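Written below as structure tokens is the structure these notes are about.
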Amino acid sequence: DYSGLQTLPWGYHMGCAVAQGRCSSWGDKAEAKGMFCSVPNEQKCTGDSFAYKGYCNLATFSSSLPSHFQYFSDSRKGGRDQTMDFCPVIQPYSNGDCRNPDNTQAGASGELWGTNSRCFESSLYRSSSSTSSKPRCYRTRCTSTYLEISVQTSSGSFVQVVCPRGGGRKSVSGFSGT
């Protein structure tokens, strides 16, 4: 009975290189999906339906990794998970699931956590000071023609932002950043 099958997001639409090649050779698409990273502890969204906030699990070990698990010029660098062949990936935070309202964290970035929320790279902040792009949780609504994201204002109301069809950055009234 295959009725319960779902699409596996890991490596989806990335070709045979994911199954046959080394993770360091998967390219920019893998990095965009959180399947490879090179900056230790860098905060990003995970690539599995972009539902989680996470961090790059790249570490430096006390001795060299086996040669077939070496992806950097420093042979001691690799991901913290042996079952992933020491490939450094975006590791989800234990409280990083944007779909779980229990994970709600107070802040000035307009985040909304809940069933329809997803993770986005954003620099939105309710002040004039700029902030770097970080993973943030925002409620989403999809239609056949657009994606709408809800951002919470300081008064508790919501600003609806319609995303550009081709992707890109949007500014939000009352916030600095995009």
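The values are calculated or read from the model by the stated rules, or taken from the named source; none is laboratory data. The shown structure was predicted, so the numbers you read here are calculated from the model rather than taken from an experiment. Because the Cβ atoms are built from the backbone with ideal geometry, glycine has one as well, and the counts that use them run over all protein chains shown. Protein only, heavy atoms only, side chains kept; ligands, DNA and RNA dropped before computing areas. Shrake-Rupley method; radii C 1.70, N 1.55, O 1.52, S 1.80 Å.
Key figures
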item	result
For SER144: the one exception among (1) under 26 Å from TRP10 (Cβ atoms); (2) part of a loop (DSSP other than H, G, I, E, B); (3) among the polar types (S, T, N, Q)	(1)
Any strands (runs of 3 or more DSSP E) falling wholly within the stretch 42-96 and containing at least 3 residues that are touching a Gly at 6+ places or on another chain (Cβ under 7 Å)	52-56
Flag if ARG118 is at pLDDT 90 or above, in a strand (DSSP E or B) and open to solvent by 80 Å² or more (accessible area, probe 1.4 Å)	no
The stretch 157-172: number of residues that are at pLDDT 85 or above and either out of contact with any Phe, Trp or Tyr (no Cβ under 9 Å at 6 or more places or on another chain) or surrounded by fewer than 11 Cβ atoms within 10 Å (Cβ to Cβ) (or both)	6
Lone qualifier among VAL18, VAL39 - being surrounded by fewer than 19 Cβ atoms within 10 Å (Cβ to Cβ), in contact with a Gly (Cβ under 7 Å, 6 or more places away or on another chain) and within 19 Å of GLN70 (Cα to Cα)	VAL18
Test result for GLU111, within 19 Å of THR46 (Cα to Cα), touching a Ser or Thr at 6+ places or on another chain (Cβ under 9 Å), open to solvent by 40 Å² or more (accessible area, probe 1.4 Å) and acidic (Asp, Glu)	no
Matching entry among THR46, THR104, THR60 (being hydroxyl-bearing (Ser, Thr, Tyr) and either exposed (fewer than 15 other Cβ atoms within 10 Å of the Cβ) or at pLDDT 95 or above (or both))	THR60
Evaluation of SER127 against (1) closer than 18 Å to LYS44 by Cα; (2) modelled with pLDDT under 90; (3) hydroxyl-bearing (Ser, Thr, Tyr); (4) open to solvent by less than 50 Å² (accessible area, probe 1.4 Å) (one fails), failing number	(1)
Complete set of residues in the stretch 21-36 that are outside any loop (DSSP other than H, G, I, E, B) and either open to solvent by 70 Å² or more (accessible area, probe 1.4 Å) or of a type in the set (Gly, Ala, Ser) (or both)	SER24, SER25, ASP28, LYS29, ALA30, GLU31, ALA32
